[in-house]
Amino acid sequence: MEQLIYFASAHTSAGYCDLLTTNLTGLKHVFFIEGATTQERSECIRIFFEKWRARGEKIELILNSLDKTSYAGVINRRLNCAIIDRTKHFDYQMKALGVVEHTIDLSKSINQEKLQHEREEIIALTAEKNHQIKAAHQSFATGLDLHDDLEKIFINAMDFNKADQVAEQLIEDIFQNHTSKKANPITRHRYLGASTAKGVVDYVDQLTEQLKKRYLIKGRAGSGKSTLLRKIVAEAEKRNYSLELYHCGFDPDSLDMVVIRELSLAIFDSTAPHEYEPSRHGDELIDLYQTTIAPGTDEKYYDDISRLTTRYKHFIQHGTTLLAKALEAEQKIDHIYHQHLDLDLLNQQIKQLTERVASLQK
């Protein structure tokens with residue numbers, strides 16, 4: 001039984017970035033859930049996740065990028081179906097080709113008349129949540145500026161010819177002149193981890209659990225890890241392979257991992273905050289620092305590297321603290337809504353949704 005766990009959105013240095021669209025491409029039906037509370041929408045998704053998992057289905061679980069303990073979506077590709085929390089993917093606007101979209105409005109289970117008495121508090125808490133999220137994005141952006149300064153130190157000490165040689169050898173090792181015979185390859189964009197209200201998390205081990213080969217890339221900031229990954233992507237696209245591209249949850253323009261399931265392999269940035277060491281048969285290290293960076297660079301620029309690293313980590317930590325405050329405001333809003341929730345009516349709506357999804361299987 002194969003399950004993939006990932007984020008389809010993230011709070012990044014570029015703001016809130018949503019990559020849901022390519023993950024819905026190829027499906028026939030997507031049920032978007034709106035209304036009620038985050039907890040109720042997550043619980044609705046969990047019901048389908050547990051039902052499909054119990055049947056041994058291959059499923060994909062999409063996590064809430066603000067709160068990793070909450071579910072934002074579940075996909076069953078055999079059934080060509082997904083259940084998605086629209087509220088957690090508000091940027092998505094009917095972009096996936098061929099998808100029939102259904103909207104399930106759970107707000108019908110809320111007593112709107114009683115809720116009106118709480119309107120001013122809800123508005124104030126919503127403003128507080130949005131303020132904290134915006135401040136978190138700004139903190140991450142400051143962190144990225146510092147990270148860019150850190151990268152410059154190593155870029156200036158880099159041997160680009162050696163980096164090209166590493167890429168050429170790796171491409172030869174991975175593809176061995178093979179080309180995929182599959183028609184219509186699909187590239188899906190995701191996040192393997194994210195900065196959440198409960199800290200920075202990743203799911204590298206889970207996403208690569210079924211794979212036979214893993215390449216773990218080591219190297220400092222600016223030593224060419226993301227560039228190497230993009231060269232692998234370009235070659236895989238030439239050879240017609242379907243890809244899973246996992247973007248950096250801090251800098252979405254950067255790649256953290258490429259998975260080619262047809263070849264049963266992954267190649268990923270194995271440095272902090274998702275630092276891994278070889279732990280399985282088939283794991284192989286690629287050390288770009290040792291291979292491409294001039295010896296003694298760490299020692300030569302020790303003070304600058306130490307200062308920039310400390311400040312960079314500070315702003316990342318500060319950003320996650322602000323996201324925690326945003327989550328606290330959201331939970332207060334959910335508590336207000338929950339007080340005016342008709343659970344019987346909500347359960348009826350969820351039952352109707354379950355029946356609609358079940359009818360698609362016939």
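Any residue at all in the range 324-334 that is surrounded by 12 or more Cβ atoms within 10 Å (Cβ to Cβ), modelled with pLDDT of 90 or more, on the phi < 0 side of the Ramachandran plot and in contact with a Cys (Cβ under 6 Å, 6 or more places away or on another chain)? Full working, then the answer.
First, the residues of the range 324-334 that are surrounded by 12 or more Cβ atoms within 10 Å (Cβ to Cβ): 324-334.
Now drop any that are not modelled with pLDDT of 90 or more, which leaves 324-334.
Among the residues that remain, those that are also on the phi < 0 side of the Ramachandran plot are: 324-334.
This time we only want the ones that are in contact with a Cys (Cβ under 6 Å, 6 or more places away or on another chain), so: none.
Scanning the range 324-334, I find no residue that is surrounded by 12 or more Cβ atoms within 10 Å (Cβ to Cβ), modelled with pLDDT of 90 or more, on the phi < 0 side of the Ramachandran plot and in contact with a Cys (Cβ under 6 Å, 6 or more places away or on another chain), so the answer is no.
Can you tell me which residues in the range 309-362 are touching a His at 6+ places or on another chain (Cβ under 8 Å) and under 30 Å from ARG220 (Cα atoms)? TYR312, GLY319, LEU323 - these are the residues of the range 309-362 that are touching a His at 6+ places or on another chain (Cβ under 8 Å) and under 30 Å from ARG220 (Cα atoms).
Each row is one residue, and each column tells you yes or no for (1) among the acidic types (Asp, Glu); (2) under 22 Å from SER9 (Cβ atoms); (3) in contact with an Asp or Glu (Cβ under 6 Å, 6 or more places away or on another chain).
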{"residue": "GLY56", "(1), (2), (3)": "no, no, no"}
{"residue": "ARG77", "(1), (2), (3)": "no, yes, no"}
{"residue": "VAL99", "(1), (2), (3)": "no, yes, no"}
{"residue": "HIS102", "(1), (2), (3)": "no, yes, no"}
{"residue": "SER109", "(1), (2), (3)": "no, no, yes"}
{"residue": "LEU115", "(1), (2), (3)": "no, no, no"}
{"residue": "GLU118", "(1), (2), (3)": "yes, no, no"}
{"residue": "GLU121", "(1), (2), (3)": "yes, no, no"}
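Scan GLY15, GLY35 and give me the residue that is outside the structural domain of PHE250 (by TED's automatic domain parsing), within 23 Å of PRO252 (Cβ to Cβ) and touching a residue at least 24 places away in the same chain (Cβ under 8 Å). Quick ask: steps written out before the conclusion?
On the way: GLY35 fails: within 23 Å of PRO252 (Cβ to Cβ).
None of the other options fit; the residue is GLY15.
So that you can scan it fast, the table gives a plain yes or no per residue for (1) touching a strand residue (DSSP E or B) at 6+ places or on another chain (Cβ under 9 Å); (2) under 19 Å from MET158 (Cβ atoms); (3) of a type outside the set (A, V, I, L, M):
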position	(1), (2), (3)
VAL201	yes, no, no
THR208	yes, no, yes
GLY219	yes, yes, yes
CYS248	yes, no, yes
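Could you tell me whether ALA54 is without any contact (Cβ under 8 Å) to a residue 40 or more places away in the chain, of a type in the set (A, V, I, L, M) and surrounded by fewer than 17 Cβ atoms within 10 Å (Cβ to Cβ)?
Details: without any contact (Cβ under 8 Å) to a residue 40 or more places away in the chain: yes; of a type in the set (A, V, I, L, M): yes; surrounded by fewer than 17 Cβ atoms within 10 Å (Cβ to Cβ): yes.
Yes, satisfied.
Of the residues in the range 65-76, at least one is more than 29 Å from GLU328 (Cβ to Cβ) and at pLDDT 95 or above.
When the range 200-217 is filtered for residues that are surrounded by fewer than 17 Cβ atoms within 10 Å (Cβ to Cβ) and basic (Lys, Arg), only LYS212 remains.
Sort through THR187, THR227, THR208, THR196 and tell me the only one that's of a type in the set (Val, Ile, Thr) and modelled with pLDDT under 95. Break it down into steps so the answer makes sense when it comes.
On the way: THR187 fails: modelled with pLDDT under 95; THR208 fails: modelled with pLDDT under 95; THR196 fails: modelled with pLDDT under 95.
The unique qualifying residue is THR227.
In the set (1) of a type in the set (A, V, I, L, M, F, W, C); (2) within 14 Å of the chain's Cα centre (by Cα); (3) crowded, with 21+ Cβ neighbours inside 10 Å, the condition left unmet by ILE75 is number (2).
Determine which member of the set ASN240, ASN184 is touching a Lys or Arg at 6+ places or on another chain (Cβ under 9 Å) and within 23 Å of THR21 (Cβ to Cβ). Can you show your working first?
Values: ASN184 fails: touching a Lys or Arg at 6+ places or on another chain (Cβ under 9 Å).
Criteria check complete, one pass: ASN240.
Taken together, the residues in the range 1-45 that are of a type in the set (Asp, Glu), in a strand (DSSP E or B) and over 19 Å from TYR191 (Cα atoms) amount to 1. Does at least one position in the range 219-239 carry a residue that is surrounded by 19 or more Cβ atoms within 10 Å (Cβ to Cβ) and in a strand (DSSP E or B)? No: zero hits.
Tally time: how many residues in the range 139-159 are without any contact (Cβ under 8 Å) to a residue 40 or more places away in the chain and not acidic (Asp, Glu)?
The first filter runs over the range 139-159 and keeps only residues without any contact (Cβ under 8 Å) to a residue 40 or more places away in the chain, leaving 145, 148, 156.
Within this subset, residues satisfying the condition of being not acidic (Asp, Glu) are 156.
The qualifying residues number 1.
Could we say that GLU355 is acidic (Asp, Glu), at pLDDT 95 or above and surrounded by fewer than 19 Cβ atoms within 10 Å (Cβ to Cβ) here? So GLU355 fails the test.
Assessment of the range 16-28 against the conditions (closer than 25 Å to GLN348 by Cβ, at pLDDT below 95, among the charged types (D, E, K, R) and touching a helix residue (DSSP H, G or I) at 6+ places or on another chain (Cβ under 8 Å)) yields no matching residue.
The values are calculated or read from the model by the stated rules, or taken from the named source; none is laboratory data. Being a predicted model, the structure only gives us computed values, none of them experimental. Here the Cβ is made from the backbone with ideal geometry for all residues, glycine too, and neighbour counts use every protein chain on show.
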